[in-house]
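Undergrad: One structure follows; several queries about it will come next.
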Amino acid sequence: MIAGLKDLDNFAVTLEFAEKIISGFSGCNNYWGQYKIHGVQFRILGALASTLKMCQDQQMSLEAEFLVKLTKVFSFRVNGDRLELDSKQGKILLVLRRTGVEDLLGKWQVISIHLPKRKAIVSVSDVLYLTFRKDFVQVSAGCNTFRGVWGLEGRILYLGPLTTTLQECEETAMVQEKALLDALNSVVGWRLAGNNLFLLRSDGGIAVSLLRLNKA
């Protein structure tokens, strides 16, 4: 929730904390900066940096309002799975919810596969999907279908082992399928940015980029 704004169902902003570094997705762009916490007091140190992508007017307005309010935060409190950020006058500026399993449930389209050994990003030539359900994940890989268990522990994503059907297809489809399977087998983490989901390797790099199609 962003104080003073309504109809945010189709938009998402995120806030992630690392040691001394704050980052996230602000509605159109990614942002990052430094922060300091003392007791329940919270403040941004200096200006926030961000990427410079242009989006639709409504997204840009949401982003500007979010970033302005974030820089005005003076204190915080945790209420269950909610983080409430207040101004110096005690007025609620932002309310954020901890992300979890429910945020991944549903169908996602594979946008690109990242190959660290070749330092390459492969745009997929077919329609590939990942569907997260409560008890399993299913992958439509263009030729075969993968299926396995999955789970979250904070920012850690457990994926597999994945079983697969054994259909033979054209060589290009099989090469792409193997690249996707190898990438998924390297996944240890995850990050959301609006309707995009990034599955991460152990070195922090992106293994697979996905776009949300629908929620479960």
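Undergrad: Condition test on D86, is it crowded, with 17+ Cβ neighbours inside 10 Å, under 30 Å from E177 (Cα atoms), modelled with pLDDT of 85 or more and of a type outside the set (A, V, I, L, M, F, W, C)?
TA: no
Undergrad: Give the residue that is modelled with the highest pLDDT, with candidates limited to residues of the stretch 1-53 that are closer than 20 Å to N79 by Cβ and of a type in the set (S, T, N, Q).
TA: Looking at residues that are closer than 20 Å to N79 by Cβ and of a type in the set (S, T, N, Q), I get Q41.
Undergrad: Further, regarding this structure: Only residues that are in contact with a Gly (Cβ under 9 Å, 6 or more places away or on another chain) and charged (D, E, K, R): list them for the stretch 177-216, please.
TA: Within the stretch 177-216, E177, R201, R212, K215 qualify.
Undergrad: Pairs needed: first member in the stretch 155-175, in the same structural domain as S186 (by TED's automatic domain parsing) and on the phi < 0 side of the Ramachandran plot; second member anywhere, surrounded by 11 or more Cβ atoms within 10 Å (Cβ to Cβ) and among the charged types (D, E, K, R); C-beta distance under 7 Å; at least 6 residues apart or different chains.
TA: What qualifies is L162/R147; T163/R147; A173/D126.
Undergrad: F136: aromatic (F, W, Y), modelled with pLDDT of 90 or more and closer than 24 Å to T14 by Cα, yes or no?
TA: no
Undergrad: If we scan the stretch 57-71, do we find a residue that is closer than 30 Å to A183 by Cβ and surrounded by fewer than 16 Cβ atoms within 10 Å (Cβ to Cβ)?
TA: no
Undergrad: Can you pull out the strands (runs of 3 or more DSSP E) entirely within the stretch 124-216 that have at least 1 residues that are of a type in the set (D, E, K, R)?
TA: Qualifying strands (runs of 3 or more DSSP E): 145-153, 189-193, 206-215.
Undergrad: Which of the residues that make up the stretch 73-83 are within 19 Å of L192 (Cβ to Cβ) and either loosely packed, with under 12 Cβ neighbours inside 10 Å or of a type in the set (S, T, Y) (or both)?
TA: D81 - this is the single residue of the stretch 73-83 that is within 19 Å of L192 (Cβ to Cβ) and either loosely packed, with under 12 Cβ neighbours inside 10 Å or of a type in the set (S, T, Y) (or both).
Undergrad: Which residues, taken from the stretch 98-115, are in contact with a helix residue (DSSP H, G or I) (Cβ under 9 Å, 6 or more places away or on another chain) and either of a type in the set (D, E) or modelled with pLDDT under 90 (or both)?
TA: Matches in the stretch 98-115: H114, L115.
Undergrad: Within the stretch 172-206, restricting attention to residues that are touching a strand residue (DSSP E or B) at 6+ places or on another chain (Cβ under 9 Å) and of a type in the set (D, E, K, R), which residue is surrounded by the fewest Cβ atoms within 10 Å (Cβ to Cβ)?
TA: D182
Undergrad: One residue is enough: does the stretch 49-64 have a residue meeting the conditions assigned to a strand (DSSP E or B), touching a strand residue (DSSP E or B) at 6+ places or on another chain (Cβ under 7 Å) and either assigned by TED's automatic domain parsing to the domain that holds Q138 or under 28 Å from V208 (Cα atoms) (or both)?
TA: yes
Undergrad: Take L115 and decide whether it is in contact with an Asp or Glu (Cβ under 9 Å, 6 or more places away or on another chain) and either without any contact (Cβ under 8 Å) to a residue 12 or more places away in the chain or in the same structural domain as V68 (by TED's automatic domain parsing) (or both).
TA: no
The values are calculated or read from the model by the stated rules, or taken from the named source; none is laboratory data. If you're wondering where the values come from, they're calculated on a predicted model, not measured in any experiment. Don't worry about glycine lacking a Cβ; one is built from the backbone with ideal geometry, like all the others, and counts go over all protein chains shown.
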